[in-house]
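Pasting a structure below so you can have a look.
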Amino acid sequence: MIFCFLWAKILNMEFIEALKIFLWAMTPIGELRAAIPIGLTVYQMNPLSVYCLSVLGNVFVVFLILVFLGAFSRWSSKNIGFFNRFFNWLFSRTRENHSSKVNKYGLWLLPLFVAIPLPVTGGWTGSLIAFVFNIPFKKAFPLISLGVMIAGLIVLFFTEAGIAIEKNFGWQVLVGILFIFFLSYGLYKKLRE
């Protein structure tokens, strides 16, 4: 938080706006995919500032998850019967269904998975994967952070491209491009099945 304040002062930004971007990046669903577009479109912030604040917010929550989820899991499994059953089910089912992929691709699967800026990928999910597969903090944190930085660059690029298209051609063209993209993606998924 102190870093956000100092960063905002250096760049002559409002502290509240910087804090909001930092906190948006910490949310489990939004992460960078929400923080960067909000910072660029709603708050009209500098792209470098938005990128840095978003990455820092997302990496901060990854740090918290990796540090505290194990302790919470152990404590709740010991003291609350529901959590004991839940964590046993989660670990056995996830390892059973996905161990082959983790063994095949190794630890580099983690940053690649986190770097894809789609729903249910990102720092939160990468941290949960590291937790479930017992990847040590020393290995998981740098790999997830790398994935977060790459995802931030991808989201920043597409957000800036969307802003440029909307500015030069109008929002109708932007909506049309997005519609064609999602329609094509849906058809691609159907054909693959």
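Any read-out appearing in this document is the output of simple, stated calculations on the displayed coordinates, not a laboratory observation. Here the structure is a predicted model, which means the values were calculated and not measured. Cβ atoms come from the backbone with ideal geometry, glycine included; neighbour counts cover every protein chain shown.
Would you kindly calculate the translational diffusion coefficient of the stretch 26-124, applying Stokes-Einstein with the Kirkwood radius from alpha carbon pairs, for 10 °C and a viscosity of 1.306 mPa s, and quote it in µm² s⁻¹ without decimals?
For these conditions, the coefficient is 101 µm²/s.
Separate question: Which Cα, out of G30, T125, S145, lies furthest along the positive dipole direction of the chain (beta carbon charges, K/R +1, D/E -1)?
Most positive-ward Cα: T125.
Ok, one more. What is the gain in length, in nm to one decimal, between L118 and R74 on full extension, counting 0.36 nm per residue of separation less the C-alpha to C-alpha distance?
Answer, rounded to one decimal: 12.8 nm.
Straight-line reach from K190: which lysines have Cα under 17 Å away, leaving out those fewer than 8 places along the same chain?
none
Given Cα pairs under 8 Å that are at least 6 residues apart, what percent is the relative contact order of the chain?
Values: 200 pairs, mean separation 39.7, N = 193.
Over the chain, the number comes to 21 percent.
I've got another one for you. Please identify the helices of the chain, taking whole runs of DSSP H, that span at least 24 Å along their own axis as judged from the Cα atoms and have a mean Kyte-Doolittle score of -1.0 or higher. It would help to have the intermediate numbers written out before the result.
Working: long enough: 47-79 (46 Å, 1.33); 81-105 (35 Å, -1.03); 137-169 (47 Å, 1.29); 171-192 (31 Å, 1.09).
Once both thresholds are applied, what remains is 47-79, 137-169, 171-192.
Within a 10 angstrom radius of the beta carbon, how do V61, V132, V42, V114 rank from fewest other beta carbons to most? Don't skip to the end; give the middle numbers.
Values: V61 22, V132 18, V42 11, V114 30.
Neighbour counts put them in this order, fewest first: V42, V132, V61, V114.
Could you give me the ³J(HN,Hα) list for the stretch 106-111, computed from phi with Karplus coefficients 6.51, -1.76, 1.60 and θ = phi - 60°, whole Hz, x at Gly and Pro?
Working through the residues one at a time gives x, 6, 6, 5, 4, x Hz.
Let me ask something else about it. Need the list of lysines near K20 for cross-linking: C-alpha distance under 17 angstrom, and skip anything on the same chain fewer than eight residues off.
Answer for K20, where 17 Å is the Cα cut-off: K9, listed by chain and number.
Would you mind checking which residues have amide H under 5 Å from G30's amide H? H placed 1.01 Å from N; only 5 or more apart, or other chain.
none
Also, quick follow-up: Once the other residues with Cβ under 15 Å from the Cβ of V132 are scored (Lys, Arg +1; Asp, Glu -1), what is the net sum? Can you show the working numbers first?
On the way: positive: R74, R93, R95, K101, K139; negative: E96.
Summing Lys/Arg as +1 and Asp/Glu as -1 gives +4.
So which lysines pass the test for K189, namely a Cα distance under 23 Å, with those fewer than 8 places away in the same chain ruled out?
Qualifying lysines at Cα under 23 Å: K101.
Find the centroid of the Cα atoms in the stretch 40-100 and in the stretch 124-193, then give the distance between the two in whole Å.
18
Further question on the same structure: Averaged over all directions, how much area does the convex hull of the C-alpha atoms of the stretch 2-168 cover when projected, in nm²? Write out the running numbers ahead of the final one.
On the way: hull surface 44.2 nm².
Reported value for the Cα convex hull: 11.0 nm².
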